[in-house]
Amino acid sequence: MSDYTHFLADKAHLGGEHGFEPTWLPAAMFPFQQRLTEWALRKGRAAIFADCGLGKTLIQLAWAENVVRHANRPVLLLTPLAVSYQTLAEAQKFGIDARRATPTGNQGIVVTNYERLHLLSADDFAGCVCDESSILKSFDGARRNEITQFIRKLPYRLLCTATAAPNDYIELGTSSEALGYLGYSDMLTRFFKNDQNNIASGRQWGGVVKWRFKGHAKRPFWRWVSSWARAIRKPSDMGCDDGGFSLPPLVERQHLVADIPPADGSLFTLPAHGLHEQREERRRTLTQRCEAAARLAMEHDGQSLLWCHLNDEGDLLEHLIGRDHAVQVSGGDDDDAKERAFTGFAAGDIRVLVTKPKIGAWGLNFQNCAHMTLFPSHSYEQYYQGVRRCWRFGQQRPVLVNAIVTPGDEEVFANLRRKAAAADKMFDAMLAHMHQAQSVERQSHFNEQEAMPTWL
């Protein structure tokens, strides 16, 4: 290769193939799962954005098993808290050897929580799977950097999540950087711009820095993302039959708490505008909202899942329902206590579970429950992930979602609808470029020996 050709190759940012052909796939896999696994193994470093209930756990385990066999070294599978037991149960179900990780002496596929990553050394592994990888941006900077540093030198990496970046495309830079493609800042400067013409990505001078696509960059951006990621909301997105993958009805009901006290120093209740006033209104209506949520949970015959955001909300909900029926999982609980509560609820031993989305909304399978109550927030991802714990492929009953709202929540729901539309646009763009890439994909291996023309 000439120096100039090498220079051009170094400038390219479409992900190449760094993996290998799979040697084994579980017979229980659906065709779309097989295609995703084969593609991810050929890539070596890849991301799969697949909706809840499409079998990401089986894909992860099959991918990890192939890497173990190919490299003859262990592979680490990282999960959110309390999801590891579900992963190990799935491995046993499909006859894949997997066990919990230990500080030393790991072999084969080993599973642990993100919170225990500091106990392990990256030098001991050939590859790593990050389950519910969108949780990376929910961690603080130190934890996110720890995970990125751990996996960045591993030859094989797989990120899996249902919602990659539901409300902000630039969050895809977190995944790209973890996979070893464009870094977050490099991605920003290549495809986006802001009014300050700098690389600030947080708050600056009291306002949030807004990024937007450069005039020419929208199509190249999605083409680049599709070079290292695959998105799928249903099997037909991969050209397969949707048979067996249909969601039951989702019923969303809003319960308005209208009788609320006025703010301190006010004679009348005024509409809440802006984040500060909305938070203040939620504090004033904490008792009324919790009473409404507790009443709905107690009136329901089966299991119920209650999402809250404040410690005071969780404590009051647990008190109103009674500890004989409700168990709260709070941030102050140790990891073992959280896992016992989540597994107990999934097994049907706990009637009502009270927790925060940032604690229990990622990765857990609660399709045994079809009734939930929540207090809305501006986080679309928390709303989406919370609902999807129950409303997922495999759920057989209609799922009822009760939203306890105050008059000031109208702006919150408008913001959620905007973010939902942005998430749909992201998936549509990725699917369009993904299908285009698949239709023109070049073969990596050739079976025929090239022949020299006779006239040479």
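Couplings for region 67-78, taken from phi via the Karplus curve 6.51 cos²θ - 1.76 cosθ + 1.60 with θ = phi - 60°, read 5, 4, 5, 6, 8, 6, 9, x, 10, 9, 10, 8 Hz in order; Gly and Pro are left as x. Counting pairs of alpha carbon atoms under 8 Å apart in space and at least six apart in sequence, what relative contact order in percent does region 250-414 give? Relative contact order of region 250-414: 33 percent. Rounded to whole numbers, the Karplus 3J(HN,Hα) couplings from phi for region 316-329 are 5, 4, 4, 5, 5, 7, x, 5, 6, 10, 10, 10, 9, 10 Hz, using 6.51 cos²θ - 1.76 cosθ + 1.60 with θ = phi - 60°, and x at Gly and Pro.
Remark: the chain carries a charge dipole of roughly 900 debye about the Cα centre, counting +1 on each Lys and Arg Cβ and -1 on each Asp and Glu Cβ.
Summing Cβ point charges (Lys, Arg +1; Asp, Glu -1) relative to the Cα centre of region 11-243 gives a dipole of roughly 740 debye.
Projecting the Cα atoms of 430, 317, 330 onto the charge dipole of the chain (Cβ charges, centred on the Cα centre) puts 430 farthest toward the positive pole. Near residue 231, the amide H atoms lying under 5 Å from its own belong to 49; only residues 5 or more places off or on other chains count, and H is placed 1.01 Å from N.
Of the residues 385, 368, 182, the one whose Cα sits farthest towards the positive end of the charge dipole of the chain is 182 (charges of +1 on Lys and Arg Cβ, -1 on Asp and Glu Cβ, taken about the Cα centre).
The phi-based Karplus calculation (6.51 cos²θ - 1.76 cosθ + 1.60; θ = phi - 60°) puts the 3J(HN,Hα) values of region 46-51 at 8, 10, 10, 9, 10, 5 Hz, whole numbers, x for Gly and Pro.
Residue pairs exceeding 23 angstrom between C-alpha atoms, taken from 356/419; 56/234; 43/93; 43/425: 43/93; 43/425.
For Rg and Dmax of the Cα atoms in Å, computed directly from the structure shown, the correct entry in [x] 29.5, 96; [y] 25.1, 84; [z] 23.8, 97 is [z]. Taken about its Cα centre, region 250-414 carries a charge dipole of about 480 debye when Lys and Arg each add +1 at the Cβ and Asp and Glu each add -1 at the Cβ.
As a rough footprinting exposure proxy, the listed residues 134, 227, 246 were ranked by other beta carbons within 10 Å of their own, and the order from fewest upward is 246, 227, 134. Estimated from helical segments only, the mean residue ellipticity of the chain at 222 nm is -12000 deg cm²/dmol, where each DSSP H run of four or more residues counts as -39500 (n - 2.57).
Cross-link reach is defined here as a Cα-Cα straight distance under 14 Å, omitting same-chain residues fewer than 8 places apart; for residue 210 the aspartates and glutamates meeting it are 168, 171, 195. Cβ crowding within 10 Å, taken as a proxy for footprinting-reagent exposure, orders 226, 304, 185 from fewest neighbours to most as 185, 226, 304.
As a rough footprinting exposure proxy, the listed residues 38, 252 were ranked by other beta carbons within 10 Å of their own, and the order from fewest upward is 252, 38.
Coordinate-derived values only; no laboratory data. In this text, all values refer to a predicted model and were calculated from it rather than measured experimentally. All Cβ positions, even for glycine, are placed from backbone atoms using ideal geometry, and neighbour counts span all protein chains on display.
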